[in-house]
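Enquirer: If you scroll down you'll find the structure; I have some questions about it.
Every read-out reported here was derived from the displayed coordinates using simple, explicitly stated rules and does not represent laboratory data. Keep in mind that this is a model prediction, so the values were computed, not measured. Quick reminder, even Gly has a Cβ in these numbers, built from the backbone with ideal geometry, and neighbours come from all protein chains shown.
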Amino acid sequence: SREIKPEPSVFELAPGVSIGGKELLVMAGPCSVEGESQLLETARAVKAAGAKILRGGAFKPRTSPYAFQGLEEEGLKLLAAAREVTGLPIVTEVVNPRDVDLVARYADVLQVGARNVQNFPLLRLLGQQNKPVLLKRGMSTTIQEFLMSAEYILSEGNQRVVLCERGIRTFETATRNTLDLSAVPVLKEQTHLPVVIDPSHSTGHASLVPAMCYAAVAAGCDGLLVEVHNDPETASCDGPQSLTPEDFSAVMEKLRRFAAAA
Ligand code: PEP
Ligand code: MN
């Protein structure tokens, strides 16, 4: 908490890529790794637009057991190949505790999905890893519970935890979830950990993503996690909320103008 550590934490997610400082860190890429050309095309585009980390799911926590579950280790290999080509570090989700070692062999940053925010055995294992963790808030977790989940990782020794607000469940149906933007200043008051906003899973609609990126930055977030797909219409997962490379590039350009004006 801020009482124990008053200064905000600034740390590297990968060599030369830090979070928590003055510069906004943008992580972008497809919801899921689908194949070599899809991933490489998207990775090149997000890099050109200014993203510093490539996201992409190889293990997907899907609502339906019949939906695409991800390419698993083959997806991790494709992510590593995309890192090789673009130089972008990678963030990817680990769904099952038994896969932590496997995912940690490939990933730069280990993601915990909203559905696993209170998977305490998974959190403890990640606390024993020497890799930073991107911890997503659950759709029904309070901020207090979210922070306690972060403590499960920190208390095992891993101090590199990034908190990600990705929308919570409310009665509203116009958006996939309700982005709790106030979580940014609340978390900033209560903890030294960096805070990232996911405008994609929170809104569920690509048209709403740019406005929430700008609002999140105005609210004081340290980074963004944005879904971008080289061809959203063909995406095997979350196409409707994925930005095209062109739209993502326009958002990044506007964010640079805001930063220059600030
Ligand atoms: C994701 O970012 O890939 C994801 C599955 O999001 P969430 O866990 O927030 O639903
Ligand atoms: Mn997704």
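Enquirer: Could you work out the relative contact order of the chain? I mean the mean sequence separation of Cα pairs under 8 Å and 6+ apart, divided by the number of residues, in percent.
Expert: This gives 20 percent for the chain.
Enquirer: Can you give the FRET efficiency to the nearest 0.05 for S182 and S64, using r as the Cβ-Cβ distance and R₀ = 30 Å?
Expert: So the FRET efficiency works out to roughly 0.40.
Enquirer: Of all beta bridges DSSP finds with both residues in the chain, what is the antiparallel percent, to the nearest 5?
Expert: Percentage antiparallel, nearest 5: 15.
Enquirer: Convert each backbone phi in region 103-116 into a coupling constant with the Karplus relation 6.51 cos²θ - 1.76 cosθ + 1.60 (shift: θ = phi - 60°), then list the ³J(HN,Hα) values in order as whole Hz, x for Gly and Pro.
Expert: The phi angles translate into 5, 5, 5, 9, 7, 8, 10, 9, 9, 9, x, 3, 6, 10 Hz.
Enquirer: Which of the three applies to region 177-236, rounded, prolate or oblate, going by the alpha-carbon gyration tensor with a ≥ b ≥ c and a/c under 1.5 meaning rounded?
Expert: prolate
Enquirer: A further question follows. Select from A80, L39, A104 the residue farthest towards the positive end of the dipole of region 11-261; place +1 on Cβ of Lys and Arg, -1 on Cβ of Asp and Glu, and compute about the Cα centre.
Expert: Selected residue: A104.
Enquirer: Once you place label points 7 Å from the Cα toward the Cβ at S207 and F120, how far apart are they in nm?
Expert: Result: 4.5 nm between the two label points.
Enquirer: Right, another one. Please state the charge dipole magnitude for region 97-161, taken about the Cα centre, from unit charges on C-beta atoms (+1 on K and R, -1 on D and E), reported in debye and rounded to the nearest 20.
Expert: Roughly 120 debye for region 97-161.
Enquirer: For region 34-125, give the magnitude of the charge dipole about the Cα centre (Cβ charges: +1 Lys/Arg, -1 Asp/Glu; no others), in debye to the nearest 20.
Expert: In debye, rounded to 20, region 34-125 gives about 320.
Enquirer: Could you work out how far the C-alpha centroid of region 225-239 sits from that of region 101-132, in angstrom?
Expert: 24
Enquirer: Which distance in nm do the two modelled labels at E151 and D231 give, with both placed 7 Å along the Cα-to-Cβ direction?
Expert: 4.9
Enquirer: Let me ask another. Cβ neighbours within 10 Å, averaged per peptide: list 121-128, 16-23 in order, most packed at the top.
Expert: 121-128, 16-23
Enquirer: Place a +1 charge on the Cβ of each Lys and Arg in the chain and a -1 charge on the Cβ of each Asp and Glu, then give the dipole magnitude about the Cα centre in debye, rounded to the nearest 20.
Expert: 400
Enquirer: Beta carbons within 10 angstrom, averaged per residue: use that to sort the peptides 250-256, 194-200, highest first.
Expert: So the order, starting with the most tightly packed, is 194-200, 250-256.
Enquirer: Hey, which of these cross-link pairs are over 20 Å Cα-Cα: K52/K188; K60/K254; K22/K188; K22/K131; K47/K254?
Expert: From K52/K188; K60/K254; K22/K188; K22/K131; K47/K254, over 20 Å: K52/K188; K60/K254; K22/K131.
Enquirer: Continuing with this model, one more query. So for region 11-261, taking the charge dipole from beta-carbon charges (+1 Lys/Arg, -1 Asp/Glu), which of G16, V226, C213 sits furthest toward the positive end?
Expert: The Cα lying farthest towards the positive end belongs to G16.
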